[in-house]
Amino acid sequence: MTDGRQITGDDASRAAEYVLGLMGAFERRAFEAEMAESAVLRDEVRAWDEDLISLAQGFDEVAPGPHVRGALEDRLFGREARRGIWSSLSLWRGLAGAALVGAAALAFVLMRPVVLLPAGDAPVFVSQIATEDNALQMAAVFDAGAGVLQINRVAGAPAEGRVLELWLIAGEGAPVSLGVLPPERRGRIAVPEALADQFRNAVMAISDEPPGGSPTGAPTGRVLAVGVVTAL
Amino acid sequence: MATRAEIEVLIAQVGMRDRAAFSSLYARTSAKLFGVCLRILKDRAAAEDALQEVFVKIWYNADKFIAGGYSPMTWLITIARNHAIDRLRAAQALTQGMGAEADAVPDGGPGPEALAVAASQRAAIDGCLEELEDDKADAVRGAYLEGYSYQQLADRSGVPVNTMRTWLRRSLLKLRDCLTR
């Protein structure tokens, strides 16, 4: 660790909690926002990462199956996403896992959604919907009491002549449209009462669609970004 | 195992979208990173999926590596560990509320302390963890290697969650004092 820097015990233990993944979603985001402004905190987080890594460094090396490399290179450098993408639940879950900005989000991949959390007793659900490269990032907060979904698109925009459409996938169900995203970065989407209880353990996704949204009621364009919904 | 400098150069080249460097980085580090994924996820298929995602993240984030100031293996292993823990938790979140009991940690078998560190590697942190009481050191390892939340750590130790929080924070500060000595 770097010597001689001024850091309080509280900051040091919070940095460790952040690295260990012990913070709740809200606390974590607040910490990340603070970290974006503070080199001292970033140094502290890095120091913990460097110190704790030796817990993982002694694990045995194991060769992964040879197919992993092929699949990886196909995915990064090969053709566009395969057809039938929407019908595969396991793929959905895989994507959701990949897009999940969880407790262990990398210190330097800072997401700073500025969304005011509603106060009240009704459940509140949050989701960070993002592409792998973070070119498209949106925070969504759903206040089940008010039936209002607040969105804040922090990066990315629809392609020329296209729109972005937001989807909710509950459990094993088919994607249900929550509507076309407004052109503004921030907005509110009214959620029908019937959908309000579908947010628990759901996944949200953004797809690329023609103007006016999907004509079929099911996604027709590419899945751009996916995020797991977390209850606060 | 490649040297630190070699890995550093490869990551920097991957940051410039060099596919040959990516292939070379994969050849040199995938077994290490797969070992980490496998240890955390305890399932080969899940760990292979995770490894793929880890290398996708490496490809897209390598350009930020230099600015981050991390040592190269720490950077790579941190990506793997964090992604595996996220997956473990996402899987738990998906099984909760679907009737399945989310108990992803099988009893028996070697615990984290047995598997965590090869006997030959006496890193500073081990010495410092030894200075903590056993259950506190186990809590630190459990959070790092099993992704346990405060609630899960409290349940395992049979103490209230606030007690666990106080204990662990105090232990983390002790650990930090030891590491900076």
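Things to note:
- Rh by Kirkwood over Cα pairs, then Stokes-Einstein D for segment B:1-48 at 0.890 mPa s and 25 °C, µm²/s: 213 µm²/s
- Per-residue SASA remark: B:ILE7, around 0 Å² accessible (1.4 Å probe; ligands, DNA and RNA not included).
- Taking amide hydrogens as placed 1.01 Å from N in the peptide plane, the amide H of A:ARG222 sits under 5 Å from those of A:ASP208, each at least 5 positions away in sequence or on another chain.
- Taking 15 Å as the cut-off, the amide N atoms of segment A:200-225 that come nearer than this to a point 7 Å along the Cα-to-beta-carbon line of A:ALA155 belong to A:225.
- In order along segment A:131-148, the Karplus-derived 3J(HN,Hα) couplings, from 6.51 cos²θ - 1.76 cosθ + 1.60 at θ = phi - 60°, round to 7, 3, 8, 6, 5, 10, 9, 9, 9, 10, 10, 10, 9, 5, x, 8, x, 10 Hz, and Gly and Pro are given as x.
- Legend: distances between Cα atoms for B:LYS32/B:LYS64; B:LYS57/B:LYS174; B:LYS57/B:LYS136; pairs beyond 28 Å are B:LYS57/B:LYS174; B:LYS57/B:LYS136.
- For segment B:159-164, putting each phi into the Karplus relation 6.51 cos²θ - 1.76 cosθ + 1.60 with θ = phi - 60° gives couplings of 10, x, 4, 5, 5, 4 Hz, in residue order, rounded to whole numbers and with x for Gly and Pro.
- A Cα-only calculation for segment A:5-69 places Rg and Dmax at 15.5, 49 Å.
- In this label model, A:PHE77 and A:VAL148 are separated by 5.0 nm, measuring between points 7 Å along each Cα→Cβ vector.
- Equivalent ellipsoid semi-axes, segment B:1-104, via Cα gyration tensor eigenvalues times 5, rooted, Å: 29, 13, 11
- Computed from protein heavy atoms with a 1.4 Å probe, the total accessible area buried between B and A is close to 6100 Å².
- When you filter the trypsin sites (Lys or Arg not before Pro) in segment A:180-228 for DSSP loop state and at most 16 other Cβ atoms inside 10 Å of their Cβ, you are left with A:ARG185, A:ARG200, A:ARG222.
The values are calculated or read from the model by the stated rules, or taken from the named source; none is laboratory data. Not measured: the values here are computed from a predicted model. Don't worry about glycine lacking a Cβ; one is built from the backbone with ideal geometry, like all the others, and counts go over all protein chains shown. Ligands, DNA and RNA are stripped out before the accessible areas are found, and what is left, the full protein with its side chains, is counted by its heavy atoms. Shrake-Rupley method; radii C 1.70, N 1.55, O 1.52, S 1.80 Å.
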